[in-house]
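Worksheet: one structure, shown below.
The values are calculated or read from the model by the stated rules, or taken from the named source; none is laboratory data. Keep in mind it's a predicted model, so treat the numbers as computed, not measured. Every residue, glycine among them, receives a Cβ derived from its backbone with ideal geometry; neighbour counts consider all protein chains shown.
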Amino acid sequence: MLQNFLNKLDLKTSESVRIDCPICFNKNTFSAVNNGIQTIYNCFHADCNIKGRTRSPLSKRLFQEAEKQKEPEIFYYRHHWEDRLPPRIGYMDLKDFKNYIQKYDLMDYGKIIRYDRHLHRAVFLVHKGDTLIDAVGRDLYNNKRIKWYRYGNSGYPFIAGKGDTAIIVEDVVSALVLSKFCVGIALLGTNLLQSHIDVIKKYKKVGVALDKDATKKALKLADDLSLNMNVKFLMLDEDVKEMLDEDVEKLVSKVDKKAWGWMNDTY
């Protein structure tokens, strides 16, 4: 009852009211104020104990203003990251790194790949323009440790390649494989952020390539994106990073040539 009453007040940010209490009905004893994050209410009558707060949804404008006010994190290059491409023969601790690089044919990406000798991870540098703002590391032990480790908290996606066509995938290596033919984007997590949308909407054609065992979160990601732009939704039988170049090129062609609008296509 009280929640419906507060909703009907429809208080704007920084707006407040002083009115008759809807619970005890005493005159001009009930106050409510919307501070932009929550609505705080209270009845001042001695015989009424109604008070509390209810969360208010942030408007898009307020959310964008809050994002702009955040100070950007200063991201530092780690001294224990080593440039090991091509990997040198004889370094036993680099055997796993060398195998991983060769497995996915990543030898040509030395500018953005490092070896973390402390955490034993293949590190992929995340740039915004020419500025290093983050990094993500792939575990090379292949055990029960967290497979992907994010070094910063920029929230910025990993982007590789150039062009007007972008395809969103679940991991960095798949994004690099796509970069030979279009822009590959890895969100580095399944939660869609406003910062992701701001980046992705710059591309004329966008595809979302998901494995057939994609989680509900990943499917929701594709659905949320479709609310902001025209998206092509592609379900894959094979992981992008495992595809032959000719098959990757066909995948990109699907995004380039098919009619626009929401679609669910199996590749």
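Quick notes on this one:
- Condition check for ILE50: touching a strand residue (DSSP E or B) at 6+ places or on another chain (Cβ under 6 Å) and either of a type in the set (Asp, Glu) or at pLDDT 80 or above (or both): yes
- The sole residue among ARG84, ARG78 that is modelled with pLDDT of 80 or more, of a type in the set (Lys, Arg), in the same structural domain as ASP134 (by TED's automatic domain parsing) and closer than 30 Å to TYR104 by Cα is ARG78.
- Odd one out for ASN143, checked against (1) at pLDDT below 85; (2) under 12 Å from the mean Cα position of the chain (by Cα): (2)
- Meets criteria (farther than 25 Å from TYR77 by Cα and either of a type outside the set (Lys, Arg) or part of a helix (DSSP H, G or I) (or both)) for ASP134: no
- The single residue among LYS27, LYS12 that is out of contact with any Pro (no Cβ under 7 Å at 6 or more places or on another chain) and at pLDDT below 80 turns out to be LYS12.
- Residue match in segment 95-104 (condition: modelled with pLDDT under 85 and assigned to a helix (DSSP H, G or I)): yes
- Index of the failed condition, PHE124 passing every other in (1) without any contact (Cβ under 8 Å) to a residue 12 or more places away in the chain; (2) in a strand (DSSP E or B): (1)
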